[in-house]
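The values are calculated or read from the model by the stated rules, or taken from the named source; none is laboratory data. On a predicted model such as this, the values are computed, not experimentally measured, just so you know. No Cβ is skipped: glycine too gets one built from the backbone with ideal geometry, and neighbour counts run over all protein chains shown.
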Amino acid sequence: MRPDDRKYLETHEWAKVSGDTALIGLTDFAIHELCSGNEGDLVYCDLPETGRTLEVGETFGEIESVKAVADLNSPVEGEVIEVNEAIEDHLEILSSDPWEQGWMIKVKLTQKSVDHLIDAEAYESMLAEQS
Amino acid sequence: MKRTPLHDCHEALGGRMIEFGGWSMPVQYGPILEEVRQVRERVGLFDLGHMGRVRVLGPDALRYIDRIATNHCERIPQGSIRYALFCRPDGSPIDDLLVYREPESVYLVINAANTDADLEWMAEHLGEADAVIEDLTASTTMLALQGPRSTEVLASVCSPGDIEALGYYKFTTTSVCGVAGTRVSRTGYTGEVGYEIYVANDDARGVWEGLLAADAAVRPIGLGARDTLRLEAGMALYGHEIDPTHNPVEAGLSFAISFSAEKGDWIGREALRAAGAAPTRALVGLTTDGRRVPRRGYGLFQGDEPAGEVCSGAVSPTLDTNIATAYVRPELASAGTRLEMDIRGRRQAVVLCDLPFYSRTRPKS
């Protein structure tokens, strides 16, 4: 079971809300799809500047592996107030620890409800249906 | 999805299976970049069961193939192999292929994704020719052993002397891992010394496992690394450097096209002659210092002016940079030209270079 202290977008981004901010990241499933567990196959992750405002579903960045490029979509609405600078030089943390060290951006929420997102159980069911 | 006789072996080895040309094939067993290095530095084993294998028999077999293929097949010596293409009357390619000259027949190795189209095209143009087309794809399979150590490893499981004596683009019959009468050709798609091995389905597993066990240096390699290896070596891939809108002349494949009078007329001859006389674009290599990997379809620009388009791109562990092939306007097609690549709305600087990026025999100047 994936962490149930956060919620998920169908495109595999997670949002962990704390007060009026949320940390956003990408699930282990999506990372694995890109690099098959081989963190050396990740080549690039493009993240936004702080200050940018995001709508739900808006593309805020891109992640690229040797094989493919994928969009990063925002699960929440708000303003980017912090970007995980460690990712640029240490892409491997996205693979080794997608839930904690591998957070991508911190967003100050302008819409605090995240009821449009699915919970861990529903996310697991969605993955089970896809496989 | 079709499966090769080695499907279970790939799953047991942890291969990540993907759909390729209608087949379930291993794209990688571990990191793709390590698999590329493995082949450049040591030796790798590939399952190529998805490739189409076709034999044409009968008194008119060679003349018939010469009428539909670009190379001069009647001049291929016995036991030798040549690269060729099938083209439409307008010069657009249907597929590229290897032609093996056998004593009484011609053996063709074609692309998985094009096998059905090729067979259809071949049947359609058989006409009055006294020849029979046999599709051997389902009953046989194909492996490749590639890399600087491939000769010694393969020789250790074959009849003595057979592999050492085999010249480039030649084939022979030998015993491989105890399977007598096995065809081996010194061919490949990696730019390294290497061999392709043709076996009946029932023998596939024994040969695959025998080769993996022959030397601790042998590792299985997936299609992901194979694509990078062929791109580093400047080899065309159907659907990328050649496709219905990119003819083999502009793809730099004129070595596989014969306009000789002896060959006579063939399908696409006039169109390809005209294409050679008035090129509208040229295939080039490019490298980029940026981290983004060039990919098929990315546009190239000189300022605001469109300059061309990327065909294939990869992270090249051999060159330690990102590489690509691209079509550009002929006047831009010289090494050192600086352009910009549009990556999903952003620009990254690229520099054009000659192909291939990597040659085992020609040191890069």
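Observations on the model:
- Counted residues, the range B:321-343 - those being more than 23 Å from the chain's Cα centre (by Cα) and touching a residue at least 12 places away in the same chain (Cβ under 8 Å): 14
- Matching helices (runs of 4 or more DSSP H) fully within the range B:1-103 where at least 2 residues are acidic (Asp, Glu): B:7-12, B:32-41
- Test for B:Glu124: is it without any contact (Cβ under 8 Å) to a residue 12 or more places away in the chain and under 30 Å from B:Met1 (Cα atoms): yes
- Residue among B:Ala214, B:Ala180 that alone is more than 29 Å from B:Thr70 (Cβ to Cβ), among the small types (Gly, Ala, Ser), in contact (Cβ under 8 Å) with a residue 60 or more places away in the chain and away from chain A (no Cβ under 14 Å): B:Ala214
- Of B:Val315, B:Val310, all but one fail to be part of a strand (DSSP E or B), free of Cβ contacts under 8 Å to residues at least 60 places away in the same chain and within 14 Å of chain A (Cβ to nearest Cβ); the exception is B:Val310.
- Answer residue from the range A:43-89, given it is at pLDDT below 95 and assigned to a loop (DSSP other than H, G, I, E, B) and is farthest from the other protein chains (Cβ to nearest Cβ) among those: A:Ala68
- Unique match (being within 14 Å of another protein chain (Cβ to nearest Cβ), surrounded by fewer than 20 Cβ atoms within 10 Å (Cβ to Cβ) and part of a loop (DSSP other than H, G, I, E, B)) among B:Gly290, B:Gly252, B:Gly336: B:Gly290
- Of the criteria (1) of a type outside the set (A, V, I, L, M); (2) exposed (fewer than 15 other Cβ atoms within 10 Å of the Cβ); (3) closer than 24 Å to B:Ile343 by Cα, which one B:Pro244 fails: (3)
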